[in-house]
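This report refers to the structure that appears directly beneath it.
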Amino acid sequence: MKYLIGIDSGGTKSELTAYDLNNAQVFNLIGEFGNPAVNLDKTVNNLISLIYDCVNELGREECQLIAVGMAGVETGNYAELIKKYVEGAFVIKTIVLNDAEMACKAYFGDKDGILAISGTGSSCFAQKDGAGEMVGGWGHILGDEGSGYHTVINVIKNIVYKYDRALPFDDLSKAVMEEIGGSTRSDIMNFIYNNEKNKIASLFPIISDYADKGDAYATMLLENAGKY
């Protein structure tokens, strides 16, 4: 059976889906994060591991193409590096694009359209009359407003603000502190400075859960994220 592999790699996880030539899904697997701007070695290892599991199951010779949409590859020569690593490991034609561009092309084809991604990071890709342009995708130091990571950091900053002024924590802040297993200044700093941003962003579901329950602070955070 001939098949194609598509991979969506972001700051928290990577998802591989294989399709036969009739566009029927034949394999799916979730793996670790994929963003070379965060950690190139781990990104490559995680990607190779995902692909290996798939071709080991379906057969390497039958795979016609690997298409990778990955956060951060528009920086420097990361796209070419990832392509080189994958093609070198599996000898299968590989396409590597930024995840927002890949998703935009997958959804709109050759038509005009705009696609926004708000995951661990945030970015937006627009295409019109055959040309494309990306906005955002600057990473957590320069941007990522509206992303899961940025929203969690806003909660942590609020916790720090209240901690310094001996103010009571709101329910959402208490839940976040409970999740990181801490209650002290040292606990907060250890969590933020000793974890990669995908780990920090993994706290985002707490915010969305509280928003679903009608928590005013959590709702405001999501509304502000949407405005970016």
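A short reminder: the numbers here are calculations on the coordinates, not readings from a lab. Computed from a prediction, not measured in an experiment: that's the story for all the values here. FYI the Cβ positions are ideal-geometry reconstructions off the backbone, even for glycines, and counts take in every protein chain you see.
Annotations
- Taking amide hydrogens as placed 1.01 Å from N in the peptide plane, the amide H of Gly72 sits under 5 Å from those of Asp99, each at least 5 positions away in sequence or on another chain.
- Note on the chain: with a GNM built from Cα contacts shorter than 10 Å, the maximum mean-square fluctuation among Glu87, Glu15, Glu101 falls on Glu87.
- Identified option (computed mean projected area of the Cα convex hull in nm²; candidates (1) 12.7; (2) 12.1; (3) 14.1): (3)
- Beta bridges assigned by DSSP with both partners in the chain are antiparallel in approximately 70 percent of cases.
- Chymotrypsin sites (Phe, Trp or Tyr not before Pro) within the stretch 12-96: DSSP coil, no more than 12 neighbouring Cβ in 10 Å: none
- Between the C-alpha center of the stretch 19-71 and that of the stretch 137-188 there is a gap of 33 Å.
- Rounded to 10°, Cα long-axis angle of helix 99-108 versus longest principal axis of the chain: 60 degrees
- Distances between placed amide hydrogens fall under 5 Å for Ile95 paired with Ile66, Ala67, Val68, all partners being 5 or more residues away or on another chain.
- Two-decimal ratio, the stretch 46-155, of alpha-carbon radius of gyration to 2.2 N^0.38 Å: 1.20
- Bins of 10 Å, starting at 0 and running to the largest distance - Cα pair percent for the stretch 145-227: 18, 56, 26, 1
- Remark: the Gln25-Glu62 segment gains 11.8 nm on full extension, using 0.36 nm per residue and subtracting the alpha carbon distance.
- Rounded to the nearest 20 debye, dipole of the chain from Cβ charges on Lys, Arg, Asp, Glu: 360 debye
- Amide H contacts under 5 Å for Phe27: Ala18, restricted to partners 5 or more places along the chain or on a different chain, H placed in the peptide plane at 1.01 Å from N.
- Percentage, to the nearest whole number, of Cα pairs in the stretch 3-109 over 18 Å apart: 41 percent
- Degrees between helix 40-58 axis and first principal axis of the chain (Cα, 0 to 90, nearest 10): 50 degrees
- 10 Å Cβ shell holding at most 15 others, DSSP loop, trypsin sites (Lys or Arg not before Pro): longest site-free stretch of the chain: 3-59
- Neighbourhood charge, 12 Å Cβ-Cβ cut-off, centred on Ile30 and excluding it, Lys, Arg +1 and Asp, Glu -1: -3
- Among the listed pairs Lys128/Lys227; Lys42/Lys213; Lys83/Lys199; Lys157/Lys227, those beyond 29 Å (Cα-Cα): Lys42/Lys213
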